[in-house]
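This report refers to the structure that appears directly beneath it.
The values are calculated or read from the model by the stated rules, or taken from the named source; none is laboratory data. A quick note: this is a predicted structure, and the numbers were derived from the prediction, not measured. Methodologically, a virtual Cβ is constructed for each residue, glycine included, from the backbone with ideal geometry; neighbour enumeration extends over all protein chains shown.
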Amino acid sequence: PGQADRTTGETVAPDRTGGAREPMVVIEGVNKHFGDLHVLQDINLTVGKGEVVVVLGPSGSGKSTLCRAINRLETIESGTISIDGKALPEEGKALAQLRADVGMVFQSFNLFSHKTIRENVTLGPIKVRKKSKAEASTQADALLERVGVSAQADKYPAQLSGGQQQRVAIARSLAMGPKVMLFDEPTSALDPEMVNEVLDVMVGLAKEGMTMIVVTHEMGFARKAADRVVFMADGQVVEVATPEEFFTAPKSARAKDFLGKIL
Ligand code: ADP
Ligand code: MG
């Protein structure tokens, strides 16, 4: 499938049987400024169906802005972003639908504090996906089981550990039946002993074939779960490589410098 372009990532990684992948997220020529800061500079990246892309890069390089642009939490000035063949709408009903297709898990858990864990997971499916309360509840219980917090279903977020809350946040996103999941440093706010329980859920999702874009500093996760690593610096995609290539033979000086500091 196509000639691999080293920096733009226009070619997606093959699937686990070596086959071609259909594109799921296509980012083309995206630019954005914050005042004088050119925070996204002509970003091109295609993520295939079922592909796991880990985005690495120094703080301030534009990783969060890119994630937020993918579900229109940030506007873009030029370029296009499409999900499963559909261009991102600007606003309205279509945007709500699109956001439901793109799950996002942030560093802070963002659960509704005055709602129980089960209610946190059923709310979106009832409101946006128009599911019945009973149907949403059955699904929520299955998802809470899957992420290992079923015993906490009737509790409130503050009664759970950070790791448990983040697993609930993942379950809540999954309840919408997303086509792609974005994770922006999902374990950065957690106590170290809780990091793995969240990463394990993410590795499970990856194995089940979820399309995932993951911003993380967890290099173990990148090595284990990523099909490709995207390295960003100063608003640009500097390097796109397999984890093997990236960690053993980074090509750019910026990537070498970054790896030298963190490994
Ligand atoms: P990363 O996630 O890689 O650390 P971000 O995407 O959060 O980087 O930020 C990239 C740059 O854009 C940083 O210099 C940051 O200060 C700046 N920035 C982010 N959000 C805003 C905003 N809403 N207004 C102005 N500058 C911003
Ligand atoms: Mg960030």
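Before moving on, here are some points about what is shown:
- A search for C-beta distances below 6 Å between a residue of segment 65-94 that is over 15 Å from residue 46 (Cα atoms) and any residue that is within 16 Å of ligand 2 (Cβ to nearest atom) and among the β-branched types (Val, Ile, Thr), counting only pairs 6+ apart in sequence or on different chains, returns 65/39; 74/65.
- The listed residue being over 28 Å from residue 148 (Cα atoms), under 13 Å from the mean Cα position of the chain (by Cα) and within 16 Å of ligand 2 (Cβ to nearest atom), out of 230, 214: 230
- Residue 191 vs. criteria of a type in the set (D, E, K, R) and surrounded by fewer than 21 Cβ atoms within 10 Å (Cβ to Cβ): yes
- If you go through segment 46-70 and pick out every residue that is within 14 Å of ligand 1 (Cβ to nearest atom), surrounded by 17 or more Cβ atoms within 10 Å (Cβ to Cβ) and part of a loop (DSSP other than H, G, I, E, B), you end up with 3.
- Restricted to strands (runs of 3 or more DSSP E) entirely inside segment 175-263, those with at least 2 residues that are closer than 30 Å to residue 131 by Cβ are 180-184, 211-215.
Here is a yes/no grid of residues against (1) more than 23 Å from residue 47 (Cβ to Cβ); (2) at pLDDT below 95; (3) in contact with a Cys (Cβ under 8 Å, 6 or more places away or on another chain):
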position	(1), (2), (3)
168	yes, no, no
199	no, no, no
221	no, no, no
229	no, no, no
237	no, no, no
240	no, no, no
243	no, no, no
247	no, no, no
260	yes, yes, no
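- For segment 133-149, the count of residues that are away from ligand 2 (no atom under 16 Å from the Cβ), out of contact with any helix residue (DSSP H, G or I) (no Cβ under 8 Å at 6 or more places or on another chain), touching a residue at least 12 places away in the same chain (Cβ under 8 Å) and in a helix (DSSP H, G or I) is zero.
- Of all residues in segment 171-190, those that are in contact (Cβ under 8 Å) with a residue 40 or more places away in the chain and away from ligand 1 (no atom under 13 Å from the Cβ) have Cβ atoms under 7 Å from Cβ atoms of residues that are part of a loop (DSSP other than H, G, I, E, B) and of a type in the set (A, V, I, L, M), 6 or more apart or on another chain, in 171/147; 176/128; 181/210.
- Residue in segment 96-105 that is touching a helix residue (DSSP H, G or I) at 6+ places or on another chain (Cβ under 8 Å) and within 13 Å of ligand 1 (Cβ to nearest atom) present: no
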